[in-house]
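Dropping the structure in here first, questions after.
The values are calculated or read from the model by the stated rules, or taken from the named source; none is laboratory data. Everything numeric here is computed off the predicted structure, so don't read it as measured data. Please note: Cβ atoms are built from the backbone with ideal geometry, for glycine as well, and neighbour counts cover all protein chains shown.
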Amino acid sequence: MAWFPDSPAVDIWSGPGFRYPFTRESFIEDLRFAAVDSYALRNADNTLAAFGQSYERYERGHLARLVTNPALRRQGAGRQLIEMIIANLKARRGYDEYSLFVYRHNEPALRCYLSLGFVFTDYPGDAPMADKCYFLTRKAGGKGQ
């Protein structure tokens, strides 16, 4: 996928354990496509605008691997995708709280998440990379709901 030109870009998006360079097959396998819910947001001309995944973690609906098409950043696609995922998690799974991890240096993503009502939360003791990431949560009924 051209959105990830190098290994550091893949690591920022995917977290640890995602292979690079990847093939189409290894990309799909490392996404754990069959094991987690995946979401794709397309714009009016059917271009992939944003992608993300969700699963249960820490008794919350956890959002992961969120990414916006580089050509469409700062146009609201990421916000729209996150709200779509949260609405789906609430409707299908009944979650009242949502979480995500974000690298501390990923300031554009951090600004987006904070603007959507996510707040800094104590880092889970069993989660890796506490020195590199923030753990954010949001209650149901937060911004956008």
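Do any helices (runs of 4 or more DSSP H) lying entirely in region 1-115 carry at least 2 residues that are of a type in the set (Lys, Arg), and which ones are they?
Those helices (runs of 4 or more DSSP H) span 77-93.
What is the number of the single condition among (1) surrounded by fewer than 12 Cβ atoms within 10 Å (Cβ to Cβ); (2) touching a Pro at 6+ places or on another chain (Cβ under 7 Å) that residue 8 does not meet?
(2)
Run down 73, 60, 65 and say which single residue is over 17 Å from residue 12 (Cβ atoms) and of a type in the set (Lys, Arg).
Among 73, 60, 65, only 60 is over 17 Å from residue 12 (Cβ atoms) and of a type in the set (Lys, Arg).
Right, next: Of the residues in region 99-128, how many are exposed (fewer than 15 other Cβ atoms within 10 Å of the Cβ), of a type outside the set (Ser, Thr, Tyr) and either touching a residue at least 60 places away in the same chain (Cβ under 8 Å) or under 17 Å from residue 83 (Cβ atoms) (or both)?
Number of matching residues: 4.
Another question about this same structure. If the Cβ limit is 7 Å and pairs must be 6+ apart or interchain, which residue in region 35-59 that is among the aliphatic types (A, V, I, L, M) pairs with which residue that is at pLDDT below 95 and part of a loop (DSSP other than H, G, I, E, B)?
The qualifying pairs are 49/43.
Return the residues of region 104-145 that are touching a helix residue (DSSP H, G or I) at 6+ places or on another chain (Cβ under 8 Å), of a type in the set (Ser, Thr, Tyr) and over 22 Å from residue 75 (Cβ atoms); say none if nothing qualifies.
134
Please enumerate the residues belonging to region 133-145 that are within 16 Å of residue 64 (Cα to Cα) and either loosely packed, with under 13 Cβ neighbours inside 10 Å or free of Cβ contacts under 8 Å to residues at least 60 places away in the same chain (or both).
Within region 133-145, 133, 134, 135, 136, 138 qualify.
Here is a follow-up. Out of everything in region 34-64 that is surrounded by 14 or more Cβ atoms within 10 Å (Cβ to Cβ) and among the aliphatic types (A, V, I, L, M), what residue ends up being farthest from residue 86 (Cα to Cα)?
The extreme case among them is 48.
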